[in-house]
Amino acid sequence: MTDHSMNDHQLDERANRNRLMKRIALRLGLYTLLILFALYYLMPLFVMVVTSLKSLDEIRTGSLLSLPREIDFSSWGKAWSGACTGIQCNGLQPYFWNSVLLSIPAVAISTLLGAINGYVLAQWRFKGSNILFALMLFGCFIPFQVVLLPMAITLGALKIAGTIPGLMLVHIVYGIGFTTLFFRNFYVTIPQELVKAAKVDGAGFFRIFFSIFLPVSPPIIVVTVIWQFTQIWNDFLFGVSFSQAGTQPITVALNNIVNATTGVKEYNVDMAAAIIAALPTLLVYVVAGKYFIRGLTAGSVKG
Amino acid sequence: MSNAMKKEMATPQTAKNILAIENLDKSFGSVKILKDINVAIEPGDFLVLVGPSGCGKSTLLNCIAGLESSTNGDIRIGGRSMTGVSPKDRDIAMVFQSYALYPTMTVGKNITFGMKVRGVAEQEQQRKLDEVAKLLQIDHLLNRKPSQLSGGQRQRVAMGRALVRDPQLFLFDEPLSNLDAKLRVEMRTEIKRLHQTLGASIVYVTHDQIEAMTLATKIVVMKDGVIQQAGTPNEIYNQPANMFVADFMGSPSMNLIPASAEKQGDATKISITRPDMEDIVLDFDREIEGLKSGKKSVILGLRPENITDSTNQHITKGQIADCRVDVVEPAGSDTFVVTNLAGKQVTARLNADATIIAGETASFAFDLSKASVFEPETGARIA
């Protein structure tokens, strides 16, 4: 009897140990795989940073992945203020400011409009408001290429073709669909009784928006700002289509720097320029990233 | 509550009715939500609109508040027609089911928001806030956000927001249904006490018939957008206008037993058939509408408390009959017994110490003096 139960006990222990080993092995495999993918994913960034810090000579002689023998920031300086885009050699600097001047108002305006639209579509339903919302959603899925020609004609008619405000308008119009979608879906989770209570209290449309709805919106504002900023900063097609020399955004300038070099291809300058162009969006993600995740899940978990 | 506030509330109205609803219809597209609603209450009345979900009671309340427009008919508050008057100008305050507290504002700001919007002087705001906070015992919570409050506290704040308005008419939209059972009973008493101390006129929506019975001075029972019956709690309970009201009000609900009524000379007899035992024949001492002579099938409505223990001392005119006991449910203060009459489950309410055993036969006393009789087809009350 005791023998028997001892045996059972030992068997149990062995089974337990087996299970534990199996779990550890699985975990190990999983982490190895994840680390490999992470390395694979980080590789391009690594190559860019390393290359931007090497001198041209070293790039020509060394391997792609090797660390720089001597850290050299001169290519960054050149990318910022000396690289040639066509005939001008002022670097990315003026175009960087073009992009800033374009993005910030465009993001702010499209976010505000989206907030008001979403507020109306979620809380002040009217006949046909659902159809309107569906149409705005449809607007999100229209490919950029489709709107190029009509947009060009519109900008021409408004006499803002080739200007930064013109490009701003394009981005605001194209962004409203997305920003409305974000805000509408956020505000739909807020009980309609809140509006009713405020109405009984005597508050009007804008009062309710500014005193009650906007103060609860930071999570969705962060999501929208990140989304819009990334879209507008990184946009190339609208930038190249609706700007002219002097008003081009940074993405177009980057393309010109990379393509317009005559003679020796300055890989280090190209890489530095590409990183400079990508930095603001990276920065936005780092600063607001955790709010981004929080905002995306805000609607699903009722607080 | 200050004397000034009390006086304002006690001011006699020019018209006798503080709220009068006349021939009100409301449709959403082709769907009729409310059909020909007529309701009137006097100052100090506590009107409860009760009915199952989807009966239109909340829509009616929203129409009174002006949050929804009516299709036809008129609503008058304090004698003034409310057609085209926006909610803020109706001199009402409303408490919502979800409390609808402004989430980013403190309790104090929540309560004073309405006054701020209307441009009441800061000092006056503070004075009224203090008054209401003291009345509701929420003065220690004024700097908290709604998310830091318990359900009962939120409920108080929502009431404070309404009280501070000091309106002619209070509207409550199922204010207790988000609270747990114990708190609900507490807050119910609290609301009743507030009503008594303030003498306020209140319209209160609920689907809970016990809330309706305990709070109301007047009940309106609704179903499918039609008023089934309007009356005092006593009228609604003891003389339900139809089988719906009879079934809806009261817990456990009224037993509705298929029976046949027969006129034998001057006397009226009601007999109930049973599958396995002989019929129960009971004397009925009132006239049944539409029964001049002969036989008529009816529905006999008997509250559980009118079927009792045959040994019950208080029953004087109970008529005794033997029934088989199917289920015994002791509830502490009473014992509920389920038996079978005319193929229907019938609940009787016995003394807590009644010695009765399931499966055996026991004798019950039927008291028909408070019974209702209904027409089987229409469900209307005929005696």
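The values are calculated or read from the model by the stated rules, or taken from the named source; none is laboratory data. In this text the structure is predicted, and so the values were computed from the model without any measurement. Note that each Cβ is placed from the backbone with ideal geometry, even for glycine, and that neighbours are counted across all protein chains shown.
Within the range B:300-346, restricting attention to residues that are in contact with a helix residue (DSSP H, G or I) (Cβ under 8 Å, 6 or more places away or on another chain) and either β-branched (Val, Ile, Thr) or not in a strand (DSSP E or B) (or both), the residue that is modelled with the lowest pLDDT is B:Lys317.
Say we look at the range B:35-63 and pick out the residues that are within 14 Å of chain A (Cβ to nearest Cβ) and polar (S, T, N, Q); which of these is farthest from A:Arg125 (Cα to Cα)?
By that ranking, first place goes to B:Ser58.
Set side by side, the residues B:Val39, B:Val50 differ, and just one is modelled with pLDDT of 90 or more, among the aliphatic types (A, V, I, L, M) and surrounded by fewer than 22 Cβ atoms within 10 Å (Cβ to Cβ), which is B:Val39. Checked against (1) closer than 30 Å to B:Ala40 by Cβ; (2) within 24 Å of the chain's Cα centre (by Cα); (3) within 14 Å of another protein chain (Cβ to nearest Cβ), B:Val164 passes all but a single condition, namely (2).
Criterion first (surrounded by 14 or more Cβ atoms within 10 Å (Cβ to Cβ) and in the same structural domain as A:Leu181 (by TED's automatic domain parsing)) does A:Leu56 satisfy it? Answer is no for this residue. For the residues B:Gly29, B:Gly66, the requirement of being within 14 Å of another protein chain (Cβ to nearest Cβ), free of Cβ contacts under 8 Å to residues at least 60 places away in the same chain and closer than 29 Å to B:Gln155 by Cβ singles out B:Gly66. You will find that of A:Val216, A:Val223, A:Val286, A:Val200, the residue that is assigned by TED's automatic domain parsing to the domain that holds A:Tyr119, within 28 Å of A:Pro143 (Cβ to Cβ) and among the hydrophobic types (A, V, I, L, M, F, W, C) is A:Val223 and no other. The sole residue among B:Gly265, B:Gly250 that is at positive phi and surrounded by 15 or more Cβ atoms within 10 Å (Cβ to Cβ) is B:Gly250. For the range A:24-40, state whether one or more residues are closer than 30 Å to A:Asn259 by Cα, of a type outside the set (Ser, Thr, Tyr), surrounded by 10 or more Cβ atoms within 10 Å (Cβ to Cβ) and out of contact with any Ser or Thr (no Cβ under 6 Å at 6 or more places or on another chain). Looking for residues that are closer than 30 Å to A:Asn259 by Cα, of a type outside the set (Ser, Thr, Tyr), surrounded by 10 or more Cβ atoms within 10 Å (Cβ to Cβ) and out of contact with any Ser or Thr (no Cβ under 6 Å at 6 or more places or on another chain), one finds at least one in the range A:24-40, hence yes. Residues in the range A:79-95 that are surrounded by 20 or more Cβ atoms within 10 Å (Cβ to Cβ) and either at pLDDT 85 or above or not hydroxyl-bearing (Ser, Thr, Tyr) (or both): 5 in all. When A:Phe213 is tested against (1) within 10 Å of chain B (Cβ to nearest Cβ); (2) in a helix (DSSP H, G or I); (3) surrounded by fewer than 23 Cβ atoms within 10 Å (Cβ to Cβ); (4) touching a residue at least 60 places away in the same chain (Cβ under 8 Å), exactly one condition is not met: (3). Once the range B:80-104 is narrowed to residues that are assigned to a strand (DSSP E or B) and within 7 Å of chain A (Cβ to nearest Cβ), the residue that is surrounded by the most Cβ atoms within 10 Å (Cβ to Cβ) is B:Met94.
When the residues of the range A:195-207 are filtered to those that are without any contact (Cβ under 8 Å) to a residue 60 or more places away in the chain and part of a helix (DSSP H, G or I), the one that is farthest from the other protein chains (Cβ to nearest Cβ) is A:Phe206.
Of everything listed in (1) without any contact (Cβ under 8 Å) to a residue 12 or more places away in the chain; (2) more than 12 Å from chain A (Cβ to nearest Cβ), the single unmet condition for B:Met159 is (1). What about B:Asp74, is it surrounded by fewer than 17 Cβ atoms within 10 Å (Cβ to Cβ), modelled with pLDDT under 95 and touching a strand residue (DSSP E or B) at 6+ places or on another chain (Cβ under 7 Å)? Yes, satisfied.
Could you identify the single residue in A:Gly77, A:Gly29 that is under 21 Å from A:Leu283 (Cα atoms) and in a helix (DSSP H, G or I)?
Being under 21 Å from A:Leu283 (Cα atoms) and in a helix (DSSP H, G or I) holds for just one of A:Gly77, A:Gly29, which is A:Gly77.
Of all residues in the range B:105-127, exactly one satisfies the criterion of being within 11 Å of chain A (Cβ to nearest Cβ), among the small types (Gly, Ala, Ser) and surrounded by 21 or more Cβ atoms within 10 Å (Cβ to Cβ), namely B:Gly114. Within the range B:133-141, is there a residue that is without any contact (Cβ under 8 Å) to a residue 60 or more places away in the chain, of a type in the set (Lys, Arg), assigned to a helix (DSSP H, G or I) and buried (at least 17 other Cβ atoms within 10 Å of the Cβ)? No. Would you tally the residues in the range B:3-24 being at pLDDT 75 or above and either buried (at least 16 other Cβ atoms within 10 Å of the Cβ) or of a type in the set (Phe, Trp, Tyr) (or both)? Going through the range B:3-24 one residue at a time, the tally reaches 6.
Go through B:Glu278, B:Glu287 for me and flag whichever is under 16 Å from B:Ala371 (Cα atoms) and of a type in the set (Asp, Glu).
B:Glu287
For B:Thr347, the conditions (1) of a type in the set (S, T, N, Q); (2) farther than 26 Å from B:Ile236 by Cβ; (3) in contact with a strand residue (DSSP E or B) (Cβ under 7 Å, 6 or more places away or on another chain) all hold with the exception of (2). Considering only the range A:172-194, state which residues are in a loop (DSSP other than H, G, I, E, B) and either within 18 Å of B:Asn62 (Cβ to Cβ) or within 14 Å of chain B (Cβ to nearest Cβ) (or both). Across the range A:172-194, the qualifying residues are A:Thr189, A:Ile190, A:Pro191, A:Gln192. Just one of the listed residues (A:Ile116, A:Ile190, A:Ile221, A:Ile164) is in contact (Cβ under 8 Å) with a residue 40 or more places away in the chain, surrounded by fewer than 22 Cβ atoms within 10 Å (Cβ to Cβ), farther than 21 Å from A:Thr251 by Cβ and touching a Leu at 6+ places or on another chain (Cβ under 9 Å), namely A:Ile221.
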